[in-house]
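Engineer: Got a structure here, written out as structure tokens. Questions coming.
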Amino acid sequence: MPLTVGMVAPEFVGYAGDGQAVTLSEGLSPWTLLVFWKPGCQASRVALGILEEWHRAYGSHLQVIGVAQETRRGEGQEVAREAGATFPIVDDAPDYPISWVYDPAITPTVFFIEPERRTIVQRCEGFERASYAALLDAIVRSLGRVIPAAGLQSDTIPDHVPG
């Protein structure tokens, strides 16, 4: 059963390319975006760029964790770094233990998680500019902070990117 808004986000342990353990509970600082993505997915690459802008703009107020699918250990972080992402990336293959629990139907899938009860506040699937605008609105309301040029104003980002 897919995780939906209002449900508790399950704990997980993943490993970044450098072997460091990454967990949801340690990553909550204080709000978290958890993104499932694939290196060969164009929509995922667009999403990573936008999430990186939000990660940098919100700093310690918003933790972003990437879960790379279809990658070998360390490969997801390498690909994400080439795309400009600096947030932690864990590789979920070959057994997909995190993906089995979160059940993302497509990539990218982003979960916005609040820190106190680890409740999912928003779930965003694929890449539609309007969906990411709604996600950013939820972040702004939750954190009480508006960031300028939040990555969605660019004319180079289409309204829809197929996965």
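Engineer: Within the group GLY19, GLY14, GLY59, GLY66, which residue is without any contact (Cβ under 8 Å) to a residue 40 or more places away in the chain and buried (at least 20 other Cβ atoms within 10 Å of the Cβ)?
Structural biologist: Every option except GLY66 fails the conditions.
Engineer: Further, regarding this structure: So which residues in segment 59-80 are touching a strand residue (DSSP E or B) at 6+ places or on another chain (Cβ under 8 Å) and outside any strand (DSSP E or B)?
Structural biologist: Result: HIS61, GLN69, THR71, ARG72, ARG73, GLY74, GLU75, GLY76, GLN77, VAL79, ALA80.
Engineer: Checking the conditions here, which among ILE65, ILE98 is in contact with a helix residue (DSSP H, G or I) (Cβ under 6 Å, 6 or more places away or on another chain), within 15 Å of PHE12 (Cβ to Cβ) and among the β-branched types (Val, Ile, Thr)?
Structural biologist: One residue alone meets the criteria, ILE65.
Engineer: Applying the selection to segment 35-58, what residues are part of a helix (DSSP H, G or I) and more than 19 Å from ALA138 (Cα to Cα)?
Structural biologist: Across segment 35-58, the qualifying residues are GLN42, ALA43, SER44, ARG45, VAL46.
Engineer: Taking the conditions exactly as written (touching a Ser or Thr at 6+ places or on another chain (Cβ under 8 Å), among the hydrophobic types (A, V, I, L, M, F, W, C), within 15 Å of PRO104 (Cα to Cα) and crowded, with 20+ Cβ neighbours inside 10 Å), does VAL79 satisfy them or not?
Structural biologist: no
Engineer: Continuing with this model, one more query. How many residues are among the small types (Gly, Ala, Ser) and in contact with a Lys or Arg (Cβ under 9 Å, 6 or more places away or on another chain) when one looks only at segment 17-40?
Structural biologist: 3
Engineer: Still on this structure, I have one more. What about THR32, is it part of a loop (DSSP other than H, G, I, E, B) and not hydrophobic (A, V, I, L, M, F, W, C)?
Structural biologist: So THR32 does not fit the description; no.
Engineer: Can you name the residue in segment 1-17 that is assigned to a strand (DSSP E or B) and not β-branched (Val, Ile, Thr) and is also modelled with the highest pLDDT among such residues?
Structural biologist: Within segment 1-17, the match that is modelled with the highest pLDDT is GLY14.
Engineer: Based on what the data block shows, is SER25 under 27 Å from ALA130 (Cβ atoms) and among the hydroxyl-bearing types (Ser, Thr, Tyr)?
Structural biologist: no
Results for (1) surrounded by fewer than 16 Cβ atoms within 10 Å (Cβ to Cβ); (2) modelled with pLDDT of 95 or more; (3) under 18 Å from LEU48 (Cβ atoms); (4) in contact with a strand residue (DSSP E or B) (Cβ under 8 Å, 6 or more places away or on another chain), shown as yes or no for each residue.
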site	(1), (2), (3), (4)
THR109	no, yes, yes, yes
ARG117	yes, no, no, yes
GLU128	yes, no, yes, yes
LEU136	no, no, yes, no
ARG141	yes, no, no, no
ARG145	yes, no, no, no
ALA150	no, no, yes, no
GLN153	yes, no, yes, no
VAL161	no, no, yes, yes
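Engineer: Let me ask you something else. I'm checking my understanding of the structure. Among residues of segment 86-126 that are part of a strand (DSSP E or B) and in contact with a Cys (Cβ under 9 Å, 6 or more places away or on another chain), which one is nearest to GLN42 (Cα to Cα)?
Structural biologist: If we take residues in segment 86-126 being part of a strand (DSSP E or B) and in contact with a Cys (Cβ under 9 Å, 6 or more places away or on another chain), then THR109 is nearest to GLN42 (Cα to Cα).
The values are calculated or read from the model by the stated rules, or taken from the named source; none is laboratory data. Just so it is clear, the structure is predicted and the values come from calculations on it, not from any experiment. Positions of Cβ are backbone-derived with ideal geometry, glycine not excepted, and every protein chain shown enters the neighbour counts.
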